[in-house]
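Below: one structure, written as structure tokens.
Read the figures in this text as sums done on the coordinates, not as results from a lab. Because the structure is a prediction, the values reported are computed rather than measured. Every residue, glycine among them, receives a Cβ derived from its backbone with ideal geometry; neighbour counts consider all protein chains shown.
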Ligand SMILES: Cc1cc2nc3c(=O)[nH]c(=O)nc-3n(C[C@H](O)[C@H](O)[C@H](O)COP(=O)(O)OP(=O)(O)OC[C@H]3O[C@@H](n4cnc5c(N)ncnc54)[C@H](O)[C@@H]3O)c2cc1C
């Protein structure tokens, strides 16, 4: 006799940060939850692995800062429950040409979201960071207190552990190949032949989203996987401690072309992470695993901005990772629709800036799948149908920056 099909309230597909936070949320709300992952848990083949992600509340768009602030509170709550730290706070420093539209939008959106900002010229930036950050004459720097580093692999593990504590079921090496509407819910089939039934389902499969949604519905979502490279550089001898959080060094972003970001020296003493935001379109299961963008503009940037105390001649360590990029770099958080109606919810297209939002996205996805609507957040900018109205998605008046990851 065949085994009876296991039944759940919510099946979450994909155990990166978004799926792990969602499984935590639904299980916390007493839903019998199953989290399925195609590879080993905490693998390094998606988007949520590694040693550091920036958390910041500064965004050119008006609708992200409040989400980031909410997420910050939720990171702290999760840390308290688990009893260890994944979030290391510092300030955030955004910089760019004084007329850069995206940077100007950052200042205005921060003010509209009641986030105190200090706009500094090059002399005051030198004073603020002990002479370590050297801007050109016509650039400005923007300092806010909401910055920090999250340790991604440790953070995913934390939410998976908290989900298990809430009695969620976690299964890895389970590649979902089919989702079907059956008996007032959904039947989820795995490549190995196992089948699970859920009243509801949440799909958080990162760079595999376009492929899975297409195979289930035939619909092609504009979510492009990109292969990107995390790059570490050596701090020159004697200056190592200057770049640490303890000494007030911030997480940072440099607006313009290329868009460069980085985190203080933390995970590898003596090294600092300074990559370029962007990458090469890829097929998630057939990647090249080699650097994706020319290094010369980045080397020049490091040489100019860090005044010779970071060795810009060559990187000392590189790691490959994937983004899932939408044309407007805004998230996709919505019901799958069609025959699935509100029974299947998707969360994807996090476009290289989603990690910090994991806890708040988990809450939103849980709200949608359980209650049919999200509390305290406007999802208009994240709906799928925005691409029907305009294939480029949400209109922005700082397009120069949005195109950087394509
Ligand atoms: C180099 C790099 C730097 C970044 N820096 C920042 C930063 O500083 N700040 C920030 O906020 N964000 C940052 N991000 C973005 C952030 O990491 C991502 O937005 C986030 O990790 C996306 O998580 P996810 O859960 O959607 O995707 P993933 O982590 O890719 O998770 C999806 C999971 O689904 C699984 N899966 C796929 N298909 C199936 C299937 N058919 N069946 C079962 N499981 C499946 C995958 O194996 C994977 O584990 C960065 C990303 C990268 C790559």
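Below are the figures for this structure:
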| read-out | value |
| --- | --- |
| Pairwise label distance in nanometres, residue 192 with residue 268, each label 7 Å out on the Cα-Cβ vector | 3.4 nm |
| Segments 380-389, 171-180 sorted - mean Cβ within 10 Å per residue, highest first | 171-180, 380-389 |
| Degrees, to the nearest 10: 358-371 long Cα axis against longest axis of the chain | 30 degrees |
| Nearest 10 degrees, 0 to 90: helix 65-82 Cα axis against the chain principal axis | 70 degrees |
| Rounded FRET efficiency, nearest 0.05, which uses the C-beta distance separating residue 219 from residue 288 and R0 of 30 Å | 0.60 |
| Percentage relative contact order, the chain, counting C-alpha pairs under 8 Å, at least six apart | 22 percent |
| Gyration tensor (alpha-carbon) shape descriptor, the chain, a/c threshold 1.5 | prolate |
| Most to least packed among 187-198, 356-367 [average Cβ atoms within 10 Å] | 356-367, 187-198 |
| Simple spin-label estimate for residue 45 and residue 153 in nanometres, 7 Å along Cα-Cβ | 1.6 nm |
| Residue-span extension gain [residue 130 to residue 114] - 0.36 nm each, minus C-alpha spacing | 3.0 nm |
| Region 211-343, Cα convex hull volume normalised per residue, Å³ | 142 Å³ |
| Computed [θ] at 222 nm, helices only, for the chain once each DSSP H run of length n ≥ 4 contributes -39500 (n - 2.57) | -7500 deg cm²/dmol |
| Full-stretch length increase - residue 6, residue 89 - with 0.36 nm per residue and alpha-carbon distance subtracted | 25.7 nm |
| Label-point separation, residue 304 to residue 121 (7 Å along Cα→Cβ), nm | 1.9 nm |
| Cα-based helix-to-principal-axis angle, 17-28 vs the chain, degrees rounded to 10 | 50 degrees |
| Full-stretch length increase - residue 62, residue 236 - with 0.36 nm per residue and alpha-carbon distance subtracted | 58.8 nm |
